[in-house]
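These notes are about the structure you will find just below.
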Amino acid sequence: MRSSRRILTALLLSVLVGPLACHRPPRPAPPPTARPAAPTAEPKVDVAVSDVATGGSWQEGGQSGVYRLVVRSGGRRNMRSEVVLQWLKWDDRSERPIEVRSAVVRELSRGGVIVTATRIDQEEGRTVAKLSVANAVTGVAGEARVWPQGLGRYRAKVKWKGEHE
């Protein structure tokens, strides 16, 4: 009888204590996943902007910087381009350009003129913006040139194909 009690006790202990003796500690929680940095608010780009050219340099009144030409398209129904010449300088603290002055190039922004390409070059030691243009009604191609003259001032000339000087 003694042996059956031992067997019964051993069986009872293994059933009751066994799971506790074999209990494994819970798995450690996985390390927190690195969360991506919150996106910084980027400046929105105007969807009407169809071309941008930056180049050349200017100096006036103790300031200096570069020129930028921004072309905005009127859309499918409003066949025109708006051309803005900007005088930019660099912000020393943020290393971003600051607009010092701007001027709408009226000769190209009246309507009926579509700008198809832009670039800023140096010609005879002077900065000149060259724009390929097209007449929105006739489709005749041409070229416009814009010469910055000082802060906020420019001179412009449009020449259509087949037009004599």
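Check cross-link reach from Lys161 to the aspartates and glutamates: straight Cα distance under 19 Å, and skip same-chain residues fewer than eight apart. Straight-line reach from Lys161, under 19 Å: Glu107, Glu143. For Lys44 and Lys161, a Förster radius of 25 Å and the Cβ-Cβ distance give a FRET efficiency of 0.10, rounded to the nearest 0.05. When only the Cβ of Lys, Arg, Asp and Glu is charged (+1, +1, -1, -1), the dipole of segment 65-159 relative to its Cα centre reaches about 360 debye.
Rounded to the nearest 20 debye, the dipole magnitude of segment 111-162 is 120 debye, with +1 charges on Lys and Arg beta carbons, -1 on Asp and Glu beta carbons, and the Cα centre as origin.
Under 4 °C and 1.567 mPa s, how fast does segment 49-160 diffuse according to Stokes-Einstein, given a Kirkwood radius computed over C-alpha pairs? Answer in µm²/s, whole number. List each step's numbers first, then the result.
Values: Rh = 14.4 Å.
In µm²/s, the coefficient is 90.
So which lysines pass the test for Lys159, namely a Cα distance under 16 Å, with those fewer than 8 places away in the same chain ruled out? By straight Cα distance, Lys159 reaches Lys130.
None of the figures in this text is laboratory data; all of them are computed from the coordinates on show. Because the structure is a prediction, the values reported are computed rather than measured. Cβ: placed from backbone, ideal geometry, glycine included. Neighbour counts: every protein chain shown.
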